[in-house]
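The values are calculated or read from the model by the stated rules, or taken from the named source; none is laboratory data. Because the structure is a prediction, the values reported are computed rather than measured. Cβ: placed from backbone, ideal geometry, glycine included. Neighbour counts: every protein chain shown. Ligands, DNA and RNA are excluded from the accessible area calculation, which covers all protein heavy atoms including side chains. Shrake-Rupley method; radii C 1.70, N 1.55, O 1.52, S 1.80 Å.
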Amino acid sequence: MEDKESRPIVADSSPLISAARANKLQLIQQVYGKLIVPPAVYRELVAKGAGKPGAEEIESASWITVQEPTDQKEVERIRKRLDPGESESLVLAQELSATLLADEKAVIEEARKSGLKIASTHLLLEEAKRHGLIASVKEALDEYIASGFRTTPELIHDSLKKVGEE
């Protein structure tokens, strides 16, 4: 795809884990191109996730770059409410003026407070359909849900409505 987002994309672990479990990791690359993850997310996915779906693919992915957030005081402040990967992702996205790819409600709420642009698994699938990468958001969501992805009926309805599948 030639019209990938021009702003960087920083990913939290949840969307990457969900995509790997649903065997859809390539969709993230196809829609967004390159991703940046902070060290805590990389450790969670590759070291702690060793042997789990996506760990090897993420470790060898040339489209994923690891970058440390600069403001460690801000990371520590946010860690009072969120886990290490979520905290580092938020701060790194702020520092890079990046879009944050996240699915957890608490992370998304914190990102909104910070004025960050947000992407999610639902938005990823909507974009993938718009670009002809998948035939059906409903089918893709069904695969995600079957592999353990948690969502709400409201979010499913909204996504299907946006892509004309309701």
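Go through (1) open to solvent by less than 10 Å² (accessible area, probe 1.4 Å); (2) modelled with pLDDT under 90 for A61 and report which single condition fails.
Among (1) open to solvent by less than 10 Å² (accessible area, probe 1.4 Å); (2) modelled with pLDDT under 90, the lone unmet condition for A61 is (1).
Only one of these is of a type in the set (S, T, N, Q) and closer than 24 Å to R43 by Cβ: S120, S159, S97, S136. Name it.
Working: S159 fails: closer than 24 Å to R43 by Cβ; S97 fails: closer than 24 Å to R43 by Cβ; S136 fails: closer than 24 Å to R43 by Cβ.
Testing whether each residue is of a type in the set (S, T, N, Q) and closer than 24 Å to R43 by Cβ leaves just S120.
Against the definition (under 16 Å from the mean Cα position of the chain (by Cα) and not aliphatic (A, V, I, L, M)), how does P153 come out, yes or no? Walk me through how you get there before you give the answer.
Details: under 16 Å from the mean Cα position of the chain (by Cα): no; not aliphatic (A, V, I, L, M): yes.
So P153 does not fit the description; no.
I need the full set of residues from segment 64-119 which are within 27 Å of I145 (Cβ to Cβ), part of a helix (DSSP H, G or I) and among the β-branched types (V, I, T), in order please.
V107, I108 - these are the residues of segment 64-119 that are within 27 Å of I145 (Cβ to Cβ), part of a helix (DSSP H, G or I) and among the β-branched types (V, I, T).
When the residues of segment 96-134 are narrowed to those that are out of contact with any helix residue (DSSP H, G or I) (no Cβ under 9 Å at 6 or more places or on another chain) and under 13 Å from R7 (Cα atoms), which ends up surrounded by the fewest Cβ atoms within 10 Å (Cβ to Cβ)?
S97
If you go through segment 70-113 one residue at a time, how many are more than 15 Å from S14 (Cβ to Cβ) and without any contact (Cβ under 8 Å) to a residue 60 or more places away in the chain?
17
Scan segment 114-126 and tell me whether some residue there is touching a residue at least 60 places away in the same chain (Cβ under 8 Å) and farther than 25 Å from K52 by Cβ.
Within segment 114-126, the subset touching a residue at least 60 places away in the same chain (Cβ under 8 Å) is 117, 119-121, 124-125.
If we keep only those that are farther than 25 Å from K52 by Cβ too, we end up with 117.
Yes: segment 114-126 contains one or more residues that are touching a residue at least 60 places away in the same chain (Cβ under 8 Å) and farther than 25 Å from K52 by Cβ.
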